[in-house]
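Asker: Here it is: the structure, laid out below.
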Amino acid sequence: MSIKWRLENVIRNIAKIIRGINVFGSGIEPNIEVDWRSVYLMDLLNALSKNLDQIVIAIDEAQILRMLKGFGKVDLTQILAYTYDNLSNVKVILTGSEVGLIHDFLGLENPKSPLYGRFIEELTITPFNRDASIQFLITGFRQYGIEVTMSEILDAVDKLDDIVGWLTYYGNAKVRGITNINEIYRRTMELVNDELRSLLGRSTYYGLVLEAIARGKKRFNEIREYIILRLNKYLAPGEIERVLNNLMKMSIISRVSLTVNTR
(Lines give C-alpha, C1' and ligand atoms only; values in the text may rest on other atoms or scores of the structure.)
Protein backbone atom coordinates (compact mmCIF):
# COMPACT_ATOMS: atom_id res chain seq x y z
CA MET A 1 0.00 0.00 0.00
CA SER A 2 1.55 3.31 -1.05
CA ILE A 3 0.20 6.50 0.49
CA LYS A 4 1.65 9.85 -0.50
CA TRP A 5 -0.58 12.34 1.23
CA ARG A 6 1.48 15.44 1.70
CA LEU A 7 0.86 17.78 4.59
CA GLU A 8 2.85 20.55 2.93
CA ASN A 9 4.76 22.83 5.29
CA VAL A 10 3.37 21.27 8.48
CA ILE A 11 5.10 17.90 8.06
CA ARG A 12 8.17 19.52 6.52
CA ASN A 13 8.61 21.71 9.59
CA ILE A 14 8.01 18.81 11.98
CA ALA A 15 10.61 16.71 10.22
CA LYS A 16 13.14 19.53 10.29
CA ILE A 17 12.70 19.88 14.05
CA ILE A 18 13.48 16.22 14.75
CA ARG A 19 17.23 16.24 15.27
CA GLY A 20 17.37 14.12 18.37
CA ILE A 21 14.98 12.40 20.76
CA ASN A 22 15.50 12.17 24.49
CA VAL A 23 14.18 9.00 26.10
CA PHE A 24 14.32 8.90 29.89
CA GLY A 25 17.49 10.98 29.90
CA SER A 26 19.29 9.07 27.15
CA GLY A 27 19.87 10.90 23.90
CA ILE A 28 19.06 9.13 20.64
CA GLU A 29 19.95 10.45 17.21
CA PRO A 30 17.64 8.86 14.62
CA ASN A 31 19.13 8.47 11.15
CA ILE A 32 16.39 10.26 9.23
CA GLU A 33 16.98 11.13 5.62
CA VAL A 34 14.16 13.11 4.08
CA ASP A 35 14.05 15.37 1.04
CA TRP A 36 12.82 18.64 2.54
CA ARG A 37 11.40 19.71 -0.83
CA SER A 38 8.91 16.83 -0.78
CA VAL A 39 8.16 15.54 2.70
CA TYR A 40 5.36 13.06 3.19
CA LEU A 41 3.93 11.93 6.50
CA MET A 42 4.48 8.26 5.65
CA ASP A 43 8.15 8.97 4.88
CA LEU A 44 8.55 10.46 8.33
CA LEU A 45 6.73 7.60 10.08
CA ASN A 46 8.68 4.95 8.18
CA ALA A 47 11.99 6.66 9.02
CA LEU A 48 11.12 6.88 12.70
CA SER A 49 9.90 3.27 12.76
CA LYS A 50 13.21 2.01 11.35
CA ASN A 51 15.28 3.96 13.87
CA LEU A 52 13.39 3.46 17.10
CA ASP A 53 12.23 0.30 18.87
CA GLN A 54 8.99 1.82 20.15
CA ILE A 55 7.13 4.98 19.15
CA VAL A 56 4.02 6.39 20.77
CA ILE A 57 2.12 9.11 18.93
CA ALA A 58 -0.51 10.84 21.06
CA ILE A 59 -3.09 13.17 19.50
CA ASP A 60 -5.36 15.16 21.80
CA GLU A 61 -8.86 16.29 20.76
CA ALA A 62 -8.59 13.82 17.90
CA GLN A 63 -12.14 14.49 16.70
CA ILE A 64 -10.72 17.56 14.95
CA LEU A 65 -8.83 15.26 12.58
CA ARG A 66 -12.07 14.64 10.69
CA MET A 67 -11.87 18.26 9.50
CA LEU A 68 -8.81 17.36 7.40
CA LYS A 69 -10.80 14.98 5.24
CA GLY A 70 -12.23 16.24 1.99
CA PHE A 71 -11.29 17.46 -1.45
CA GLY A 72 -7.62 18.42 -1.54
CA LYS A 73 -7.13 17.46 2.09
CA VAL A 74 -5.77 14.48 3.99
CA ASP A 75 -7.68 11.36 5.00
CA LEU A 76 -5.74 10.45 8.13
CA THR A 77 -7.71 7.22 8.54
CA GLN A 78 -5.69 5.86 5.60
CA ILE A 79 -2.46 6.81 7.31
CA LEU A 80 -3.63 5.27 10.60
CA ALA A 81 -4.60 2.08 8.74
CA TYR A 82 -1.17 1.94 7.06
CA THR A 83 0.53 2.44 10.44
CA TYR A 84 -1.64 -0.26 12.03
CA ASP A 85 -0.86 -2.79 9.28
CA ASN A 86 2.82 -2.05 8.59
CA LEU A 87 4.48 -0.29 11.51
CA SER A 88 4.04 -2.62 14.45
CA ASN A 89 6.33 -0.60 16.72
CA VAL A 90 4.30 2.59 16.25
CA LYS A 91 1.42 2.98 18.68
CA VAL A 92 -1.15 5.73 18.22
CA ILE A 93 -3.16 7.12 21.12
CA LEU A 94 -6.18 9.28 20.31
CA THR A 95 -7.82 11.27 23.08
CA GLY A 96 -10.71 13.66 22.99
CA SER A 97 -13.73 15.01 24.79
CA GLU A 98 -16.17 14.22 21.96
CA VAL A 99 -16.04 10.43 21.89
CA GLY A 100 -18.85 9.91 19.41
CA LEU A 101 -17.16 12.14 16.84
CA ILE A 102 -13.91 10.20 17.23
CA HIS A 103 -15.82 6.98 16.57
CA ASP A 104 -17.37 8.53 13.47
CA PHE A 105 -13.95 9.68 12.29
CA LEU A 106 -12.34 6.25 12.73
CA GLY A 107 -15.26 4.37 11.18
CA LEU A 108 -14.31 1.07 12.80
CA GLU A 109 -17.77 -0.30 11.99
CA ASN A 110 -18.08 1.36 8.60
CA PRO A 111 -17.15 -1.03 5.74
CA LYS A 112 -16.03 1.97 3.64
CA SER A 113 -13.52 3.15 6.25
CA PRO A 114 -9.83 2.19 5.87
CA LEU A 115 -9.89 1.27 9.58
CA TYR A 116 -12.91 -1.03 9.29
CA GLY A 117 -12.48 -4.18 11.35
CA ARG A 118 -9.31 -3.04 13.11
CA PHE A 119 -9.09 -3.86 16.81
CA ILE A 120 -8.55 -0.99 19.21
CA GLU A 121 -8.41 -0.72 22.97
CA GLU A 122 -10.70 1.91 24.37
CA LEU A 123 -10.62 3.62 27.74
CA THR A 124 -13.58 5.82 28.65
CA ILE A 125 -13.21 8.17 31.61
CA THR A 126 -16.57 8.96 33.15
CA PRO A 127 -17.20 11.52 35.91
CA PHE A 128 -15.84 10.37 39.28
CA ASN A 129 -18.03 9.92 42.29
CA ARG A 130 -17.52 12.37 45.14
CA ASP A 131 -15.06 10.21 47.10
CA ALA A 132 -12.95 9.47 44.01
CA SER A 133 -12.87 13.19 43.11
CA ILE A 134 -11.63 14.11 46.58
CA GLN A 135 -8.96 11.40 46.54
CA PHE A 136 -7.92 12.39 43.01
CA LEU A 137 -7.16 15.95 44.12
CA ILE A 138 -5.52 14.92 47.39
CA THR A 139 -3.21 12.48 45.60
CA GLY A 140 -2.33 14.97 42.87
CA PHE A 141 -1.48 17.78 45.28
CA ARG A 142 0.55 15.39 47.44
CA GLN A 143 2.62 14.35 44.42
CA TYR A 144 3.45 18.00 43.76
CA GLY A 145 4.07 18.78 47.41
CA ILE A 146 1.29 21.35 47.55
CA GLU A 147 -0.77 21.82 50.69
CA VAL A 148 -4.47 22.46 50.11
CA THR A 149 -7.07 22.52 52.86
CA MET A 150 -9.78 19.90 52.84
CA SER A 151 -12.45 22.61 52.83
CA GLU A 152 -11.03 24.00 49.56
CA ILE A 153 -10.90 20.54 48.00
CA LEU A 154 -14.52 19.87 49.00
CA ASP A 155 -15.54 23.25 47.60
CA ALA A 156 -13.79 22.48 44.29
CA VAL A 157 -15.41 19.05 44.03
CA ASP A 158 -18.87 20.51 44.68
CA LYS A 159 -18.48 23.27 42.09
CA LEU A 160 -16.81 21.19 39.37
CA ASP A 161 -19.39 18.36 39.44
CA ASP A 162 -16.84 15.49 39.62
CA ILE A 163 -15.89 16.03 35.96
CA VAL A 164 -12.34 14.72 35.51
CA GLY A 165 -11.28 17.34 32.98
CA TRP A 166 -12.32 20.24 35.22
CA LEU A 167 -10.76 18.68 38.31
CA THR A 168 -7.52 18.32 36.33
CA TYR A 169 -7.75 21.93 35.15
CA TYR A 170 -8.26 23.07 38.73
CA GLY A 171 -5.32 21.01 40.00
CA ASN A 172 -3.07 22.20 37.17
CA ALA A 173 -3.97 25.83 37.88
CA LYS A 174 -3.01 25.41 41.53
CA VAL A 175 0.29 23.80 40.54
CA ARG A 176 1.05 26.73 38.22
CA GLY A 177 0.62 29.13 41.10
CA ILE A 178 -2.94 30.37 40.64
CA THR A 179 -4.05 30.38 44.28
CA ASN A 180 -7.25 32.42 44.00
CA ILE A 181 -10.00 29.81 43.83
CA ASN A 182 -12.46 32.31 42.35
CA GLU A 183 -10.03 33.08 39.53
CA ILE A 184 -9.79 29.37 38.73
CA TYR A 185 -13.57 29.06 38.60
CA ARG A 186 -13.80 32.17 36.41
CA ARG A 187 -11.35 30.73 33.90
CA THR A 188 -13.16 27.39 33.97
CA MET A 189 -16.49 29.06 33.23
CA GLU A 190 -14.90 31.03 30.38
CA LEU A 191 -13.86 27.77 28.74
CA VAL A 192 -17.35 26.33 29.20
CA ASN A 193 -18.98 29.46 27.80
CA ASP A 194 -16.66 29.48 24.78
CA GLU A 195 -17.62 25.89 23.99
CA LEU A 196 -21.32 26.66 24.43
CA ARG A 197 -21.15 29.76 22.23
CA SER A 198 -19.51 27.73 19.50
CA LEU A 199 -22.18 25.05 19.81
CA LEU A 200 -25.14 27.44 19.93
CA GLY A 201 -23.84 29.19 16.84
CA ARG A 202 -24.51 26.05 14.80
CA SER A 203 -28.27 25.95 15.33
CA THR A 204 -30.97 27.43 17.58
CA TYR A 205 -32.13 23.91 18.32
CA TYR A 206 -29.01 23.05 20.34
CA GLY A 207 -29.76 25.72 22.91
CA LEU A 208 -33.44 24.81 23.08
CA VAL A 209 -32.71 21.10 23.53
CA LEU A 210 -30.29 21.84 26.38
CA GLU A 211 -32.80 24.24 27.89
CA ALA A 212 -35.51 21.57 27.77
CA ILE A 213 -33.25 19.00 29.45
CA ALA A 214 -32.23 21.54 32.11
CA ARG A 215 -35.95 22.02 32.85
CA GLY A 216 -36.38 18.31 33.48
CA LYS A 217 -37.56 17.13 30.06
CA LYS A 218 -35.87 13.75 29.58
CA ARG A 219 -38.02 11.90 27.09
CA PHE A 220 -37.83 12.57 23.36
CA ASN A 221 -41.45 13.63 23.03
CA GLU A 222 -41.18 15.94 26.06
CA ILE A 223 -38.16 17.69 24.55
CA ARG A 224 -39.78 18.01 21.13
CA GLU A 225 -43.06 19.34 22.55
CA TYR A 226 -41.17 21.87 24.68
CA ILE A 227 -39.34 23.23 21.63
CA ILE A 228 -42.51 23.30 19.52
CA LEU A 229 -44.20 25.41 22.19
CA ARG A 230 -41.17 27.72 22.47
CA LEU A 231 -40.95 28.28 18.72
CA ASN A 232 -44.67 27.98 18.03
CA LYS A 233 -44.07 25.89 14.93
CA TYR A 234 -44.10 22.24 13.90
CA LEU A 235 -40.82 20.33 14.08
CA ALA A 236 -40.30 16.93 12.46
CA PRO A 237 -39.02 14.27 14.89
CA GLY A 238 -35.91 13.83 12.74
CA GLU A 239 -34.76 17.41 13.34
CA ILE A 240 -34.67 16.98 17.11
CA GLU A 241 -33.27 13.46 16.88
CA ARG A 242 -30.34 14.77 14.81
CA VAL A 243 -29.53 17.42 17.45
CA LEU A 244 -29.78 14.87 20.28
CA ASN A 245 -27.49 12.45 18.47
CA ASN A 246 -24.93 15.20 17.86
CA LEU A 247 -25.03 16.27 21.52
CA MET A 248 -24.43 12.67 22.57
CA LYS A 249 -21.54 12.33 20.11
CA MET A 250 -20.02 15.46 21.63
CA SER A 251 -20.45 13.91 25.11
CA ILE A 252 -22.57 16.84 26.28
CA ILE A 253 -25.52 14.59 27.14
CA SER A 254 -25.77 10.84 27.56
CA ARG A 255 -28.43 8.17 27.43
CA VAL A 256 -27.93 7.56 31.13
CA SER A 257 -29.79 10.77 31.88
CA LEU A 258 -31.83 10.99 28.70
CA THR A 259 -34.51 8.62 27.38
CA VAL A 260 -34.74 8.88 23.60
CA ASN A 261 -38.02 7.62 22.24
CA THR A 262 -39.13 8.68 18.77
CA ARG A 263 -42.51 7.02 18.96
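Asker: Out of LYS73, LYS50, which single residue is of a type outside the set (Gly, Ala, Ser), modelled with pLDDT of 50 or more, part of a helix (DSSP H, G or I) and surrounded by 11 or more Cβ atoms within 10 Å (Cβ to Cβ)?
Answerer: Only one candidate qualifies: LYS50.
Asker: Give just the number: which of (1) farther than 30 Å from PHE141 by Cα; (2) assigned to a helix (DSSP H, G or I) does GLU183 not satisfy?
Answerer: Checking GLU183 against (1) farther than 30 Å from PHE141 by Cα; (2) assigned to a helix (DSSP H, G or I), the one that fails is (1).
Asker: Please identify the pairs in which a residue from region 226-245 that is under 17 Å from LEU199 (Cα atoms) has its Cβ atom under 6 Å from the Cβ atom of a residue that is of a type in the set (Val, Ile, Thr) and part of a helix (DSSP H, G or I), counting only partners at least 6 apart or on another chain.
Answerer: Sorted first by the residue in region 226-245, then by its partner, the pairs are VAL243/VAL209.
Asker: Of these, TYR170, TYR206, which one is free of Cβ contacts under 8 Å to residues at least 40 places away in the same chain, surrounded by 12 or more Cβ atoms within 10 Å (Cβ to Cβ) and of a type outside the set (Gly, Ala, Ser)?
Answerer: One residue alone meets the criteria, TYR170.
Asker: Name the residue that is surrounded by the fewest Cβ atoms within 10 Å (Cβ to Cβ), counting only residues in region 132-162 that are acidic (Asp, Glu) and under 16 Å from THR179 (Cα atoms).
Answerer: Ranking the candidates gives GLU147 first.
Asker: May I ask you to say which residue of THR124, THR179, THR168 is out of contact with any strand residue (DSSP E or B) (no Cβ under 6 Å at 6 or more places or on another chain), among the hydroxyl-bearing types (Ser, Thr, Tyr) and more than 25 Å from GLN63 (Cβ to Cβ)?
Answerer: Answer to the check: THR179.
Asker: Of the numbered conditions (1) free of Cβ contacts under 8 Å to residues at least 12 places away in the same chain; (2) among the polar types (S, T, N, Q); (3) surrounded by 14 or more Cβ atoms within 10 Å (Cβ to Cβ), ASN193 fails exactly one; give the number of that condition.
Answerer: (3)
Asker: From the list LEU41, LEU80, LEU68, exactly one residue is surrounded by 15 or more Cβ atoms within 10 Å (Cβ to Cβ) and modelled with pLDDT under 80. Which is it?
Answerer: The unique qualifying residue is LEU41.
Asker: Can you tell me which condition GLU121 does not meet? The list is (1) part of a loop (DSSP other than H, G, I, E, B); (2) surrounded by 15 or more Cβ atoms within 10 Å (Cβ to Cβ); (3) out of contact with any helix residue (DSSP H, G or I) (no Cβ under 8 Å at 6 or more places or on another chain), and all the others hold.
Answerer: The number of the failed condition is (2).
The values are calculated or read from the model by the stated rules, or taken from the named source; none is laboratory data. Predicted, not measured: the structure shown is a model, and the values here were computed from it. No Cβ is skipped: glycine too gets one built from the backbone with ideal geometry, and neighbour counts run over all protein chains shown.
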